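Below you'll find the structure, written out as structure tokens, and then a few comments.
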Amino acid sequence: MKINSIKGFADILPGDVESWHFVEEKAREVFARYSFFEIRIPIVEKTELFSRSLGETTDIVEKEMYTFPDQDAKGSLLTLRPEGTAGVARAYLEAELYKVEPVRKLFYLGPMFRRERPQKGRLRQFYQIGAEVLGRPDPLVDAEVLLLLRDFFSLVGLEGATLELNSLGDVQCRPGYRKALLAFLKEREKKLCANCQRRMERNPLRVLDCKEESCVEVTRDAPSILDYLCDDCRAHFGVVQRLLRDSELDYQLNPRIVRGLDYYCRTAFEWTSARLGSQNAVAAGGRYDGLVEDLGGPPTPGVGFAIGMERLVLLLEMKEARQAPRLTLFLVWVGDAGRAWAFSAAHRLRQRGIAVEMEGEQKSLKSQMRRADKLGASYVLIVGEEELGRGTVVLRNMDTKEQSELALDRLEDELLARRVGG
Ligand code: HAM
């Protein structure tokens, strides 16, 4: 019986992978310019890392995590990471990175797992390119990560993405807003969807993020968090906005951006594109000044973002970038002696850095030439028993169709001199 992949888990096949490489390469380029260093963290972590970091009442922790018992005596629970920020904060603490140099600018690439309902731009295994700055409280770095994102989008050729910006306040001012919002929602409780009615008391801000028509309608005139910011948060947000304006990075204030994770405070943002449909955020992030301390570390501010790779690749029209690397040389051989020679020549040439391919079984000349063409080979080397006897091979340039005879004993040097493979 045929076994298919799991719903929401996708293969990225050759032909598409090249777009991913292109995007990853550009990301590395931008991260280097902004002095970010790569970190690789495990895909599986203790479940409590996520429940504590993201918040018990978030959709992710309540219903979307892939959690399973470990095989140990304690029956500890493990979870496939639904995002990267918690793991990076844990690693920063565990390796005591702050002791040597408290300010760390880190980036990561890799798969995340959420058991959401699959649809366009929403998978259960999806890839993120993420960045986290730990140890910097200043608004300059909030603006810096947004400028980094703009540079990255322009490098990969993404057009038409909008930056939506908000401030979520902090422990000083958010409780006041929460109270006002809850009072507002309570007066309209009956009109909210069942899910929002249930979670309203525990997490009223999430109601602003609900996509149900009735909830969108009810919360249209809800109080805005921007009217409740304390002086410090207001000043911080003011500087972020001024820096963005000075750098001519356009943004829209959107007080409804509350983010689906509880660790956020102050600056929160999403880059959206109408072309993505309902799952419209191609990247999102914000500040999380309390997270490292909540995980048992020293007070350490943080700010970061993650880009959804599938959504980004979907938005890019990368016809050029999608070209697979061209094969340099295809060895066409005839007879047992031809095959033996071709096998060892292929190995020698590959060691010299030339991309070489050949058939393993005897095929007609025509069929071998067809395969060379299909693979996009720039050159074909034809090795017959007769040629071997003469100590020569025929080199054919597949673009110009020119053919020339090369001496076997000087083959590698001849090829390199003709810039085959270089
Ligand atoms: P997030 O908003 O949950 O934030 O995810 C960031 C991005 O990942 C989204 O904007 C979207 O492009 C992509 N994404 C999320 N879920 C899916 C899915 N099911 N299928 C496809 N793409 C998806 C975070 O994960 C935070 N850790 C970001 C962050 C880093 N904040 C601070 N530092």
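The values are calculated or read from the model by the stated rules, or taken from the named source; none is laboratory data. In this text the structure is predicted, and so the values were computed from the model without any measurement. Neighbour counts run over all protein chains shown; Cβ positions are idealised from the backbone, glycine included. Calculation scope for accessible area: heavy atoms of the full protein, side chains included, ligands and nucleic acids excluded. Shrake-Rupley method; radii C 1.70, N 1.55, O 1.52, S 1.80 Å.
Summary of values
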| read-out | value |
| --- | --- |
| Per-region count, the stretch 219-233, residues over 17 Å from Tyr251 (Cα atoms) and either part of a helix (DSSP H, G or I) or in contact (Cβ under 8 Å) with a residue 60 or more places away in the chain (or both) | 10 |
| Filter result (under 25 Å from Val156 (Cα atoms) and open to solvent by 80 Å² or more (accessible area, probe 1.4 Å)) within the stretch 4-15 | Asp11, Leu13, Pro14 |
| Condition broken by Ala222, with the remaining ones in (1) over 13 Å from Ser167 (Cβ atoms); (2) away from the ligand (no atom under 15 Å from the Cβ); (3) open to solvent by 30 Å² or more (accessible area, probe 1.4 Å) satisfied | (3) |
| Tally, over the stretch 260-286, of residues that are charged (D, E, K, R) and more than 19 Å from the chain's Cα centre (by Cα) | 2 |
| Any hit, the stretch 278-296, residues being farther than 27 Å from Ile39 by Cβ, more than 10 Å from the ligand (Cβ to nearest atom) and out of contact with any Lys or Arg (no Cβ under 6 Å at 6 or more places or on another chain) | yes |
| Any chance Asp250 is within 24 Å of Pro301 (Cβ to Cβ) and either in the same structural domain as Ala143 (by TED's automatic domain parsing) or aromatic (Phe, Trp, Tyr) (or both) | no |
| Check on Gly160, open to solvent by 30 Å² or more (accessible area, probe 1.4 Å), of a type outside the set (D, E, K, R) and either in contact with a helix residue (DSSP H, G or I) (Cβ under 8 Å, 6 or more places away or on another chain) or within 17 Å of Asn254 (Cα to Cα) (or both) | yes |
| Count - residues of the stretch 44-57 that are in contact with a Leu (Cβ under 6 Å, 6 or more places away or on another chain) and over 25 Å from Val141 (Cα atoms) | 2 |
| From Phe330, Phe343, residue being modelled with pLDDT of 95 or more and either among the polar types (S, T, N, Q) or open to solvent by less than 30 Å² (accessible area, probe 1.4 Å) (or both) | Phe330 |
| Tabulated pairs, the stretch 10-32, first on the phi < 0 side of the Ramachandran plot, second loosely packed, with under 13 Cβ neighbours inside 10 Å, C-beta under 6 angstrom, 6+ apart or interchain | Glu18/Ala324 |
| Residue among Lys319, Lys363, Lys374 that alone is open to solvent by 10 Å² or more (accessible area, probe 1.4 Å), modelled with pLDDT of 95 or more and not aromatic (Phe, Trp, Tyr) | Lys363 |
| Residues being part of a helix (DSSP H, G or I) and touching a helix residue (DSSP H, G or I) at 6+ places or on another chain (Cβ under 9 Å) - total across the stretch 58-87 | 7 |
| Meets criteria (open to solvent by 100 Å² or more (accessible area, probe 1.4 Å) and over 30 Å from Leu140 (Cβ atoms)) for Met1 | yes |
| Arg81 vs. criteria crowded, with 21+ Cβ neighbours inside 10 Å, more than 25 Å from Glu144 (Cα to Cα) and either basic (Lys, Arg) or modelled with pLDDT of 95 or more (or both) | yes |
| Meets criteria (assigned to a loop (DSSP other than H, G, I, E, B), more than 8 Å from the ligand (Cβ to nearest atom), closer than 17 Å to Ile225 by Cα and not polar (S, T, N, Q)) for Asp262 | yes |
| Candidates Arg124, Arg136, filtered to the one that is buried (at least 18 other Cβ atoms within 10 Å of the Cβ), out of contact with any helix residue (DSSP H, G or I) (no Cβ under 8 Å at 6 or more places or on another chain) and within 18 Å of Glu293 (Cβ to Cβ) | Arg136 |
| Glu387 buried (at least 18 other Cβ atoms within 10 Å of the Cβ) and assigned by TED's automatic domain parsing to the domain that holds Ala342 | yes |
| Residue in the stretch 88-111 that is modelled with the lowest pLDDT, counting only those that are in a helix (DSSP H, G or I), touching a Ser or Thr at 6+ places or on another chain (Cβ under 9 Å) and not charged (D, E, K, R) | Tyr98 |
| Test: residue in the stretch 254-262 that is more than 22 Å from Lys179 (Cα to Cα) and either crowded, with 19+ Cβ neighbours inside 10 Å or out of contact with any Ser or Thr (no Cβ under 6 Å at 6 or more places or on another chain) (or both) | no |
